[in-house]
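Enquirer: Quick one: structure below, then a few questions.
The values are calculated or read from the model by the stated rules, or taken from the named source; none is laboratory data. Being a predicted model, the structure only gives us computed values, none of them experimental. Here the Cβ positions follow ideal geometry from the backbone for every residue, glycine too, while neighbour counts run over all protein chains shown.
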Amino acid sequence: MALDDKTGGTLSQDDIDKLMGGSGEEKKGTDVDQDKMAEEWAQALESGAEIDGGKPFEKDAKKATFTELEETRLGAGPSKDLDFILDIPLEVTVEMGRTRMLINDLLQIGQGSVIELNRLAGEPLDILINSKLIARGEVVVVSEKFGIRITDIVSPLERVKRLA
């Protein structure tokens, strides 16, 4: 195993195996052991399915039974089961219009500044409930306060189109 001038300073495979603590023959033996172990596992798995006498999950299976469903019809008025949602608070927003501004323009805004919106005067305003467009309307004055008269309810089809 000593290096000599005849081999040019290289080691043979036998020398490497001896240095690593084993011989080349042991390595070949492990391949045989693994093949043997794989065969044993395959046999154990095949025989394991037949331990209970056949199909493994069949003994606990039972046929399901269902009761007949009754047909219920909704009445003309609101259901008493839905009364609990009547006290849930919602955020209602009326939007006159929108605009985009640069930060520089935003910093220059002061008292008396006019911000131009994307809507025309007299155009219907959007009524949003929890940030979802539900209706459109026009501004009215009620007892010296602003209000909105609903002129159009947004159809469910249009609401779905706005989601995309």
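Enquirer: Which residue, of Glu26, Glu91, Glu70, is at pLDDT 75 or above, among the charged types (D, E, K, R) and more than 30 Å from Ile148 (Cβ to Cβ)?
Expert: Among Glu26, Glu91, Glu70, only Glu70 is at pLDDT 75 or above, among the charged types (D, E, K, R) and more than 30 Å from Ile148 (Cβ to Cβ).
Enquirer: Does the range 4-23 hold any residues that are touching a helix residue (DSSP H, G or I) at 6+ places or on another chain (Cβ under 7 Å) and modelled with pLDDT of 55 or more, and which are they?
Expert: Selection gives Gln13, Asp14, Asp17.
Enquirer: Tell me which of these Lys59 doesn't satisfy, since it passes every other one: (1) surrounded by 10 or more Cβ atoms within 10 Å (Cβ to Cβ); (2) part of a loop (DSSP other than H, G, I, E, B); (3) at pLDDT below 75; (4) among the charged types (D, E, K, R).
Expert: Only one criterion is unmet by Lys59, namely (1).
Enquirer: Do the conditions hold for Asp105, that is, is it outside any loop (DSSP other than H, G, I, E, B) and either surrounded by 10 or more Cβ atoms within 10 Å (Cβ to Cβ) or at pLDDT 80 or above (or both)?
Expert: yes
Enquirer: Ile129: among the β-branched types (Val, Ile, Thr), modelled with pLDDT of 90 or more, assigned by TED's automatic domain parsing to the domain that holds Val154 and surrounded by 11 or more Cβ atoms within 10 Å (Cβ to Cβ), yes or no?
Expert: Yes, satisfied.
Enquirer: If you don't mind, another one. Based on what the data block shows, is Glu40 modelled with pLDDT of 80 or more and either of a type outside the set (S, T, N, Q) or within 30 Å of Gly147 (Cα to Cα) (or both)?
Expert: Yes.
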